[in-house]
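The structure appears below as structure tokens.
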Amino acid sequence: MEGKVFSEQTKTVVLSRHGAGIISQYVLSAEQELILRRLDTDKEAEVRVVGQLGSHGESYTYGVAFLDPGMDLWDTPFPSMTESEKEASRVLLQCSSCKVREMVQQSDLELDVYAVNQGIVRSCKRCGSSTIWTRAAADAGGEPVPLENKPPVPEESAAPVETPLPAPADPAPAPETSAHPENRRKHVRTKVNFKACVRTHTFGDDIVTCEDISRGGLCFKTRKEYAVNTEIEVAAPYAPGTPDIFVRGQIVRVEELKQERRFRCGVCYAKS
């Protein structure tokens, strides 16, 4: 999440036909892609981070899912799901941004991540970005999208990675890139739409809307007027009542949005 390229020797805490639970000393973000390699066989698999499952000291546990649904990294036969298990995995989720609902069949990893965080980051076709999804109330408005037959993990892994990356995700800040080209163009930005928490001595905890995120930083909108070079801590995505992880950063750009009475701020993660 701080933009560092890294390699570490780690271990799994759970195996799944869809991926695994792994331990990392690094702060990772949902939808981030990694390469997982078995040390005993040298077999590799591309995975995406589904979300955080827990933490202990300076170690974090994450659920990761294979990008290739046919990947067999573990060489282990897994029992087929029973009809009751399939039924229990079908849940009606709602996008926290546009409120669209979808009936999805969550994998065991996604169910675990949701149980821990009471929400999950997934791609929203209507928003055109990755947003936080929660379980929809039975009487919520809107028509749910029917459950698709394909497993959810490969479908969702492709959308947030392949769709946003070919073009700039957020056209609004483009006129100001000339002022900080090294910050705006060093890393590919992914358009998102979820809440983040910005922590400073001046404003305390400020709940903001995150617009895009990259390895090097993020962009958010707020009603607070931050000064350039302000040192901050930020948790993105943020959900009240859950174990959020804050990382250090610095405000490198501030744009006043007069019509919205808000400010758009660009953040560069601190080097550690």
When the stretch 225-239 is examined, which residues are found to be in contact with a Cys (Cβ under 9 Å, 6 or more places away or on another chain), over 20 Å from Thr190 (Cβ atoms) and either charged (D, E, K, R) or at pLDDT below 90 (or both)? Glu233
Look through Lys11, Lys4 and report the one residue that is of a type in the set (Lys, Arg), out of contact with any Ser or Thr (no Cβ under 9 Å at 6 or more places or on another chain) and surrounded by fewer than 20 Cβ atoms within 10 Å (Cβ to Cβ). Lys11
What do you reckon, is Thr134 over 28 Å from Pro243 (Cα atoms), open to solvent by less than 70 Å² (accessible area, probe 1.4 Å) and either at pLDDT 85 or above or basic (Lys, Arg) (or both)? no
Restricting the search to the stretch 17-33, which residues are of a type in the set (Val, Ile, Thr) and part of a loop (DSSP other than H, G, I, E, B)? Val27
Any chance the stretch 41-54 includes a residue that's part of a loop (DSSP other than H, G, I, E, B), open to solvent by 30 Å² or more (accessible area, probe 1.4 Å) and of a type in the set (A, V, I, L, M, F, W, C)? no
Could you please find all residues in the stretch 60-101 being open to solvent by 50 Å² or more (accessible area, probe 1.4 Å) and assigned to a strand (DSSP E or B)? Arg90
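For (1) charged (D, E, K, R); (2) surrounded by fewer than 22 Cβ atoms within 10 Å (Cβ to Cβ), each residue gets a yes or a no:
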| position | (1), (2) |
| --- | --- |
| Arg189 | yes, no |
| Asn193 | no, yes |
| Glu231 | yes, yes |
| Ala239 | no, yes |
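The values are calculated or read from the model by the stated rules, or taken from the named source; none is laboratory data. What you see is a predicted model, and the numbers here were worked out from it, not measured in a lab. Every residue, glycine as well, gets a Cβ built from its backbone with ideal geometry; the counts of neighbours run over all protein chains shown. Quick note on the areas: whole protein, heavy atoms, side chains included, nothing else; ligands and nucleic acids left out. Shrake-Rupley method; radii C 1.70, N 1.55, O 1.52, S 1.80 Å.
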